[in-house]
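Read through the structure below, which is laid out as structure tokens, and then see the notes.
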Amino acid sequence: MTHTPLSDLSHDDLLALRERLQASYDELKGRGLSLDLTRGKPSSAQLDLADELLRLPRGCTDRSGTDVRNYGGLAGLPELREMFAELLWVEPEQVVAGGNSSLTMMRDTLVYLLLFGGVDSDRPWGKESVVKFICPVPGYDRHFALLESLGIEMITVPMNDDGPDAEAVARLVKEDRSIKGMWVVPTYANPAGSVCTQEVAARLASMETAAHDFKIFWDNAYALHHLTEDEAKSADILTLAAASGHPHRPIMFASTSKITFAGAGVAFLAASVENVNWYLQHLGKGSIGPDKVNHLRHVQFFASAQGVRDHMVRHREIIAPKFAAVDRVLTERLDGHGVARWNKPRGGYFVNLDVMPGTASRVVSLAKEAGIALTPAGSSFPLGQDPNDENIRLAPTMPPLEEVTEAMDGVATAVLLAAVEKLLSGG
Ligand code: PLP
């Protein structure tokens, strides 16, 4: 059913609507709910899919006969690097298999760049008076928190349906040599859900940058996390960059956090062989080798790259109905009212909800009072500041399906109530 735009309603109609919404909201509060849509985490049912890992590995040697229980093998188990090289469309020698968190690899890479400079730097980034990064928004809150913690300034550009606004990025990086890098979540971005096209990737790979050691942090956290059978293929950033004469520009990250266990998976870094050697040289000062027992466990569990793809289909079967429920409830309750827009992601972990400008914080606090936890408004922007106070990130994977449906119904009530209040206050 399509509803009337709220902006077409008379003052009296709005007053009457507010009364009805307030009554539903009070009823909602009275239910004593405790629902949580904040966490982009796999549900227990998804984690259960990988429980076989708890009984692995069988034996303790890799295919070359190395005892995985011992020190060494800083770049990770060769067979696991091969498996994920195939999945990430790169060469095995371009891949490092590390610990359980790709975010840690991103942090380490940034710290090495600041302290030592990269393979193509004249001096450490930290010697510059100011270091800036381009941040497509809305984006991943932890990327922004990481930059903030290191004193790196953030410049926002829009995240479009085909990836970051490449023309805006190209204009900025051409002029300003203090802009040393950018984030890209290329596949099913957090939270916009967009997929960076080959064209946008090619533009970012080839653009002229004032800083000749500019880096693209290509965080492919959701490379394999399809919600439909129409599986997006990530753009081939390493090849594109190499072909346009900037082989050391992209550094790719990925992990099995949302494939096997979020707390005990394997993270990957992929880049030019020179970048890989640079990373390992610095990593080697603080580690004698990764958890190869976990690497072997993952190799045995999946058996092949196809094994990983097959496993992701089982995840899809669990979470796709939750995303469908979010869309169904939002459509039933909000479509046509002109107070909210949301995406229908084809993969990843989030739904991006834009509510009436100036009401996102109010929606989040109304939901909270009714026992529905949402990610704080603004969290998908640097410093938590959404200039329009309109963006809310919904994470439906963790709660059971019935809870997702119930929570979204409450969110819809909060969105409408906040919008009516705003219109009545002349906003
Ligand atoms: N990158 C993005 C875009 C994410 O959304 C997340 C988790 O939500 C991560 C990285 C975290 O990855 P990891 O668990 O490998 O540290």
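The values are calculated or read from the model by the stated rules, or taken from the named source; none is laboratory data. Model, not experiment: these values are computed from the prediction. Please note: Cβ atoms are built from the backbone with ideal geometry, for glycine as well, and neighbour counts cover all protein chains shown. To get the accessible areas, we keep the full protein, side chains included, count just its heavy atoms, and leave off ligands, DNA and RNA. Shrake-Rupley method; radii C 1.70, N 1.55, O 1.52, S 1.80 Å.
For segment 47-71, how many residues are in a loop (DSSP other than H, G, I, E, B) and open to solvent by 80 Å² or more (accessible area, probe 1.4 Å)?
Result for segment 47-71: 6.
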Practice task
Check whether at least one residue in segment 317-329 is in a helix (DSSP H, G or I) and open to solvent by 60 Å² or more (accessible area, probe 1.4 Å), and report yes or no.
Solution key: yes
Exercise for the section: Run Lys292 past the list (1) farther than 22 Å from Val184 by Cβ; (2) within 16 Å of the ligand (Cβ to nearest atom); (3) of a type in the set (D, E, K, R); (4) surrounded by 19 or more Cβ atoms within 10 Å (Cβ to Cβ) and report the number of the one that doesn't hold. Expected result: (2)
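Kindly provide the set of residues from segment 383-401 that are in a helix (DSSP H, G or I) and either modelled with pLDDT under 95 or in contact with a helix residue (DSSP H, G or I) (Cβ under 6 Å, 6 or more places away or on another chain) (or both), ordered by number.
Answer for segment 383-401, where residues must be in a helix (DSSP H, G or I) and either modelled with pLDDT under 95 or in contact with a helix residue (DSSP H, G or I) (Cβ under 6 Å, 6 or more places away or on another chain) (or both): just Leu401.
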Problem - Single unsatisfied condition, Ala210 versus (1) over 17 Å from Val119 (Cα atoms); (2) surrounded by fewer than 20 Cβ atoms within 10 Å (Cβ to Cβ); (3) touching a residue at least 12 places away in the same chain (Cβ under 8 Å) - result: (1)
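Looking only at residues that are within 24 Å of Asp354 (Cβ to Cβ) and of a type in the set (A, V, I, L, M, F, W, C) in segment 134-146, which one is surrounded by the fewest Cβ atoms within 10 Å (Cβ to Cβ)?
The extreme case among them is Ala145.
Check whether at least one residue in segment 149-160 is of a type in the set (Ser, Thr, Tyr), in contact (Cβ under 8 Å) with a residue 12 or more places away in the chain, in a strand (DSSP E or B) and open to solvent by 10 Å² or more (accessible area, probe 1.4 Å), and report yes or no. First the steps, then the outcome.
Here is the first cut: in segment 149-160, the ones of a type in the set (Ser, Thr, Tyr) are 149, 156.
If we keep only those that are in contact (Cβ under 8 Å) with a residue 12 or more places away in the chain too, we end up with 156.
Then keep just the ones that are in a strand (DSSP E or B); that gives 156.
Next, from what is left, pick out any that are open to solvent by 10 Å² or more (accessible area, probe 1.4 Å): 156.
Checked against the condition, which is being of a type in the set (Ser, Thr, Tyr), in contact (Cβ under 8 Å) with a residue 12 or more places away in the chain, in a strand (DSSP E or B) and open to solvent by 10 Å² or more (accessible area, probe 1.4 Å), segment 149-160 yields at least one hit.
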Practice task
Considering every residue within segment 33-45, establish whether at least one is more than 25 Å from the chain's Cα centre (by Cα) and under 30 Å from Val420 (Cα atoms).
Solution key: yes
Exercise for the section: Could you please let me know if Ala211 is within 23 Å of Ser121 (Cβ to Cβ), part of a loop (DSSP other than H, G, I, E, B) and in contact with a Lys or Arg (Cβ under 8 Å, 6 or more places away or on another chain)? Expected result: yes
Handout entry: Residue count, segment 72-98 (criterion: assigned to a loop (DSSP other than H, G, I, E, B), closer than 24 Å to Gly181 by Cα and either open to solvent by less than 30 Å² (accessible area, probe 1.4 Å) or within 13 Å of the ligand (Cβ to nearest atom) (or both))
Key = 2
Problem - Unmet requirement for Phe261, which otherwise passes all of (1) out of contact with any helix residue (DSSP H, G or I) (no Cβ under 7 Å at 6 or more places or on another chain); (2) modelled with pLDDT of 95 or more; (3) of a type outside the set (Val, Ile, Thr); (4) within 15 Å of the ligand (Cβ to nearest atom) - result: (1)
Exercise for the section: Could you please give the count of residues in segment 25-46 that are surrounded by fewer than 13 Cβ atoms within 10 Å (Cβ to Cβ) and within 16 Å of the ligand (Cβ to nearest atom)? Expected result: 0
Problem - Which numbered condition Lys127 misses (of (1) touching a His at 6+ places or on another chain (Cβ under 9 Å); (2) over 29 Å from Glu167 (Cβ atoms)) - result: (1)
Problem - Scope segment 161-185; condition more than 16 Å from the ligand (Cβ to nearest atom) and assigned to a strand (DSSP E or B); matching residues - result: Ile179, Lys180
Exercise for the section: Restrict the check to segment 239-248 and report whether at least one residue is crowded, with 21+ Cβ neighbours inside 10 Å and within 16 Å of the ligand (Cβ to nearest atom). Expected result: no
Practice task
Return yes or no: is Ser287 among the hydroxyl-bearing types (Ser, Thr, Tyr), more than 16 Å from the ligand (Cβ to nearest atom), assigned to a loop (DSSP other than H, G, I, E, B) and open to solvent by 10 Å² or more (accessible area, probe 1.4 Å)?
Solution key: yes
Exercise for the section: For residues that are buried (at least 20 other Cβ atoms within 10 Å of the Cβ) and either without any contact (Cβ under 8 Å) to a residue 24 or more places away in the chain or of a type in the set (S, T, N, Q) (or both), scanning just segment 101-120, find the one that is farthest from Ala271 (Cα to Cα). Expected result: Ser102
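Mind counting the residues in segment 111-141 that are assigned to a helix (DSSP H, G or I) and in contact with a Leu (Cβ under 6 Å, 6 or more places away or on another chain)?
Result for segment 111-141: 2.
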Exercise for the section: Provide a single number: the residues in segment 280-302 that are within 27 Å of the chain's Cα centre (by Cα) and not polar (S, T, N, Q). Expected result: 13
Exercise for the section: Name the one entry in Ala189, Ala221 that is within 13 Å of the ligand (Cβ to nearest atom), open to solvent by 10 Å² or more (accessible area, probe 1.4 Å) and farther than 14 Å from Ala241 by Cβ. Expected result: Ala221
